[in-house]
Structures are given as C-alpha cells and as structure tokens.
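Accompanying notes for the structure given below.
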Amino acid sequence: MSDSSEQPATGNGTDFDLAVIGAGSAGFSAAIRAAELGAQVALIGHGTIGGTCVNVGCVPSKTLIRATEAFHQADATARFAGIRAEAVLDDWAKLIAQKDELVAELRDSKYSQLLPEYNTIAYLEGAAHLKNGGVVVGEHRIRAPKVIIATGSSAYIPPIRGIDEVPYLTSTTALDLPLLPRSLLVIGGGYIGCELAQLFSRAGVEVTIVCRRHLLPEGEPEISEALESVFRAEGIIVRTGVTYERIGRTDRGVSLSVAMDGGTGLIEAERVLIAVGRRPNIHDLDLVGVGVEETAEGAIVVDEHLRTTNTDIYAAGDVTGRDMFVYMAAYGAKLAADNALNGNARRYDASAMPSVVFTDPQVASVGLTEAEAKRQGLTVRTSVLPLSAVPRALAARDTRGLFKLVAEAESGELLGAHILAPEGADSIQTAALAIKQGMSYVELADTIFPYLTTVEGLKLAAQTFDKDVSRLSCCAG
Ligand SMILES: Cc1cc2nc3c(=O)[nH]c(=O)nc-3n(C[C@H](O)[C@H](O)[C@H](O)COP(=O)(O)OP(=O)(O)OC[C@H]3O[C@@H](n4cnc5c(N)ncnc54)[C@H](O)[C@@H]3O)c2cc1C
C-alpha cells in the first residue's frame, strides 16, 4: 500500500477505535453505541444511506401494505349489517410517490440527520474491504484495531433454468412499480413473498404464489394452512409443493413450468417476483485475507459474542445470515460494539425474539415451534385455540386465525407462542415477556388480561391446556 493510502481518514491525524462497514440499521446502531462509549468511529456506507429497512424493506412495504389494507377494509365492512362502503384505487403512481416521500423523510430523520449529532463518527462513502489492522475504502486506509461488518443482504435469485432471460422483479423493484401489472407470479412463500402477494392482490392484481413446501415453511403448520385458506378466500392462487423446472418469456409476460402433484404444469403471468430469500453481502470484503470464515450459505460465522473467526472483527445484522429483522440487526450491532470496545461481556440471545409477518391476519411468533422443540429433544404439550373462541374476534366478526402455545410437558414452562390474528403483531409481545421471564402456561392463564382484546387469546389459549374454554362464562378463569 502506498504512503498516501496509509493516511487515516479523520483528517486530524488520529486513527479510529472502531471501523464499521455498512451504513444500514446495524451499522448506525453500532456506530452510535460506540460513540456513546466515547470511541472514535469510522462508519463506511456504500449505496443509499440507511440500507434496506428504510429504503427498500420495512418502511416501503409496510406503508403500501397498510394502504391496500385500508382499501380492502371498505369491502370488509360488509361483515356488519347495514354498512356498505366503497373505495377506489385510481392512482397507484400517486401512492408510490407518497411512499417515496415517507421513505425520504425517515431516511433523513433516522439516518442522515443523525450524523452531525455525533462528532466522533466520521462518515465515509465507498465500498470497503477488510485489511489486517483496519479497512480500505478506495484510496483510504482506515486503521482501527476493531472492525464490525454490517453489510446486510440482498435478494437471492435461485438458479431456475431460463431465469437470466426473464425481466424478474425483486421486492425492491416490485415496491417501486409505477404501474400495476394485470397479473403477478410470486415465487417464494416466505414472509416477503406472502406479504407482497397479498399487497398486490388487494391492489387488484391477479396473483399466483408458488413455493416448494408450503407458506411460511419454518412456522407452525396450523398457521400455514389457515393463512393459505385466507389467501384462497381473497382470490390468491396458491400452489404449494412445487418444483421449478424452467422460466421463460412469453408474448404476454412470463411462464413458469413446474412439477407438482406427480405431474407438470405451466403458470403464466404478466410479471414475476422472485422472493425466495436473501443472501448476505460478503463479496469483495476479502474475508479470506483476514481469516474471517463464512458458512456454506455465505453468511459470516460468528460466536455468541458476535465475534468472527478473526477475534478483532465482529459481524452483525443480515450479514450473519440469521434473525434477519431490523430490530435484531440493531440489537446485535449494539452488542457487537459493546463487545468490541469493552471486552466480550455480552452474549447474543434470540430465545425470546418475536417475529411478525404483516399479512392480514398477521402472523406473529416467539420462541420454539412444536417441531423445533421436539427436534431439541423436549417433551411438549400444545394448545390450539381458534380465533372464533376469542370474544374480540367475534365482536369484530373476523374469526380468521388461531393461537397456538407450546409448553414443556412436565414443568408447563412456556416455550413458544404462535398467533394468526388481525392484531397478532401487537399481541405477541406479551408472550415474548412471558417466555423471557420463564413463565409457565399456568402463570400466563392466571394473569389478568383486558376483555375484548386480541391479546386475551393468549390467556384463553393458556387455559385451553387444561380446560375447554367454550364452557367458561365471559372473562371467567
Ligand atoms: C421487503 C422487505 C421487507 C422487510 N420488512 C421488515 C419488517 O417489517 N420488519 C423487520 O424487522 N425487518 C424487515 N425486513 C428486514 C430488514 O430490512 C433487515 O433485516 C435489515 O434492514 C438488515 O439491516 P442490516 O444493517 O443488517 O443491513 P442493511 O440495512 O442492508 O445495511 C447494509 C448496508 O451496507 C452496505 N454495504 C454492503 N457492502 C458494503 C461494502 N463493501 N462497503 C460499504 N457498505 C457496504 C449496503 O449497501 C447497505 O447500505 C424487510 C426486508 C425486506 C427486503
């Protein structure tokens, strides 16, 4: 490396205590935490500041999901006698422009405008790679004894034959379409595929969703089945257990040849959206040069302190290939900064990590599924309560969903909670706290819950382990 490239980038002749690669949610969280600890930090961003969540992930998807949900609710008012409402979606481009404004606003207030608040964070733009003793960004050599990799992930494009000849959409480009297609084929039944399939269907697009196993394959099968029924009832075509053979262009768009049910089939649509998962951004980081190992799936290997196989280098967020949620990126990055600067005192713990799929009804989970618990050798009991047993759902005339609890058989300790319900996202946190506190289902059942709330379903599901709640009077138990 030349002399000039050895210049630190602070401009004041000092080196940094910490270099953070990637200025998304994890990168900002790590840099801010390090600054709070009094460290001199180099934060290196490449691409749009703020990363995935604010620009192309959580924020744009959730505002559009809310918009189409509001639109859909007009029809849903027919559940109540004497009400008729009508909504018209007449300008999709306007909705996209409004979404872009929100994204820009939040990017500014939650990322760009924060930088001047922390005068020990130096922001540098450019693609960084690792070098022993620091990081290289273009001409700059940044010297830092500790580095955190927070480079996120990108949409994975599976090697389906013909895929390179097809102008496919990813979640990023789909959320930016100025015009709605007539029909859309969504490949992938994970959370992004499910959320976007319902979003576009509610906007009036003819949607087919295909997946190799079933919707939300890592979740509880009861929830997957019930969500599939909801989708079908809304007019979404769901094809599960499908093997993708070949994809190609047609005069009217795209066609996917599949093998399913012992035969073959052809699924056609105007556009195709690939939503089969995301892969960590590790290319060009030169991991090998600094002794940082990756998994077979290309995620950075970390220990419980989020230390990589090079003990001066940490990694957090999507690049670690697990718990790919923004709050986990922020949590992990803060923990990595603490450990890098203060000596590995903190351990990463995702055992009470809630997760939400923003379909309607929402899917919300925390802890172990029944299958995961059994895989771990635990003996479990489960309780499944249909939403039709929850007074809130009866009053709302919307009983699409269920609660499922998983408990350790002998002690009754709550191991997992899984909800499919319209307000499931806001209900799951109660279960997260219960699991974090090591509560048993009996203790959960003994807790006071307010009447006519969705979260009351947790209490009823806990009671269901030992009794038939349909034989209880209102609020009894
Ligand atoms: C459609 C969609 C919807 C989602 N919805 C939700 C949701 O509702 N709730 C939720 O919790 N999560 C959601 N997520 C997931 C969430 O967005 C991610 O988990 C989170 O943004 C990951 O943060 P990160 O900091 O690890 O990565 P990112 O935010 O992606 O940040 C990484 C940054 O590093 C940059 N970079 C890459 N390589 C380099 C390099 N060599 N040098 C410098 N910079 C580099 C990238 O350009 C990027 O800016 C969603 C994701 C998608 C795609």
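A few remarks follow.
- Selected residue (criterion: farthest from the ligand (Cβ to nearest atom)) from residues of segment 12-41 that are assigned to a helix (DSSP H, G or I) and not small (Gly, Ala, Ser): GLU36
- Sub-8 Å Cβ pairs linking a first residue in segment 31-60 that is in contact (Cβ under 8 Å) with a residue 40 or more places away in the chain to a second residue that is part of a strand (DSSP E or B) and within 7 Å of the ligand (Cβ to nearest atom), at least 6 apart or interchain, are ILE44/ILE21; ILE44/ALA128; HIS46/ALA128; THR52/SER153, ordered by first then second residue.
- As a summary of the residue check, ASP75 satisfies the conditions (1) under 29 Å from the mean Cα position of the chain (by Cα); (2) of a type in the set (D, E, K, R); (3) at pLDDT 95 or above except for the one numbered (3).
- Within segment 48-91, the set of residues being touching a Leu at 6+ places or on another chain (Cβ under 7 Å), within 16 Å of the ligand (Cβ to nearest atom) and not small (Gly, Ala, Ser) comprises VAL54, VAL56, VAL59, PRO60, THR63, LEU64, ILE65, THR68.
- Of the residues making up segment 174-193, those that are outside any loop (DSSP other than H, G, I, E, B) and within 11 Å of the ligand (Cβ to nearest atom) number 4.
- Matching residues, segment 266-287, being within 10 Å of the ligand (Cβ to nearest atom) and assigned to a strand (DSSP E or B): ARG278, PRO280
- Applying the condition of being aromatic (Phe, Trp, Tyr) and over 16 Å from GLN362 (Cβ atoms) to segment 196-255 and asking which residue is surrounded by the most Cβ atoms within 10 Å (Cβ to Cβ) yields PHE200.
- Hey, GLY51 among the small types (Gly, Ala, Ser), within 20 Å of SER154 (Cβ to Cβ) and either within 20 Å of the chain's Cα centre (by Cα) or surrounded by fewer than 19 Cβ atoms within 10 Å (Cβ to Cβ) (or both) or not: yes
- Residues that are more than 24 Å from THR308 (Cα to Cα) and in a strand (DSSP E or B) within segment 141-165 comprise just one, ARG161.
- Number of residues in segment 393-427 that are aliphatic (A, V, I, L, M) and in contact with a Pro (Cβ under 6 Å, 6 or more places away or on another chain) equals 3.
- Each residue in segment 131-180 was checked for being at positive phi, free of Cβ contacts under 8 Å to residues at least 40 places away in the same chain and out of contact with any strand residue (DSSP E or B) (no Cβ under 7 Å at 6 or more places or on another chain), and 1 of them qualify.
- The condition of being free of Cβ contacts under 8 Å to residues at least 12 places away in the same chain and either closer than 18 Å to GLU268 by Cα or not in a strand (DSSP E or B) (or both) holds for only one of ARG213, ARG232, that being ARG232.
- Filter pass, LEU385 being more than 30 Å from PHE80 (Cβ to Cβ) and more than 16 Å from the ligand (Cβ to nearest atom): no
- The conditions of being under 25 Å from the mean Cα position of the chain (by Cα), more than 18 Å from VAL230 (Cα to Cα), of a type in the set (A, V, I, L, M) and crowded, with 20+ Cβ neighbours inside 10 Å are met by LEU405.
- Residue satisfying condition, being touching a strand residue (DSSP E or B) at 6+ places or on another chain (Cβ under 6 Å) and either aliphatic (A, V, I, L, M) or touching a residue at least 24 places away in the same chain (Cβ under 8 Å) (or both), within set LEU385, LEU341: LEU385
- Conditions (1) of a type in the set (D, E, K, R); (2) outside any strand (DSSP E or B); (3) in contact with a helix residue (DSSP H, G or I) (Cβ under 8 Å, 6 or more places away or on another chain): number failed by ASP426: (3)
- If you check ILE65, ILE83, ILE44, ILE49 for being assigned to a strand (DSSP E or B) and either among the β-branched types (Val, Ile, Thr) or closer than 15 Å to LYS110 by Cβ (or both), only one passes: ILE44.
- Qualifying residues in segment 397-435 (those that are among the hydroxyl-bearing types (Ser, Thr, Tyr) and touching a Leu at 6+ places or on another chain (Cβ under 8 Å)) - the one nearest to PHE358 (Cα to Cα): SER427
- Picking from residues in segment 315-359 that are under 30 Å from ALA393 (Cα atoms) and away from the ligand (no atom under 14 Å from the Cβ), the one that is surrounded by the most Cβ atoms within 10 Å (Cβ to Cβ) is ALA352.
- Filter result for the condition that a residue is in a helix (DSSP H, G or I), polar (S, T, N, Q) and more than 19 Å from ALA203 (Cβ to Cβ), over SER224, SER255: SER224
- Flag if PHE449 is free of Cβ contacts under 8 Å to residues at least 40 places away in the same chain, farther than 22 Å from ASP349 by Cβ and assigned to a loop (DSSP other than H, G, I, E, B): yes
- Any hit, segment 92-108, residues being away from the ligand (no atom under 11 Å from the Cβ), outside any helix (DSSP H, G or I) and surrounded by fewer than 20 Cβ atoms within 10 Å (Cβ to Cβ): no
The values are calculated or read from the model by the stated rules, or taken from the named source; none is laboratory data. Bear in mind that the values here come from a model prediction, so they are computed numbers and not experimental data. Here the Cβ is made from the backbone with ideal geometry for all residues, glycine too, and neighbour counts use every protein chain on show.
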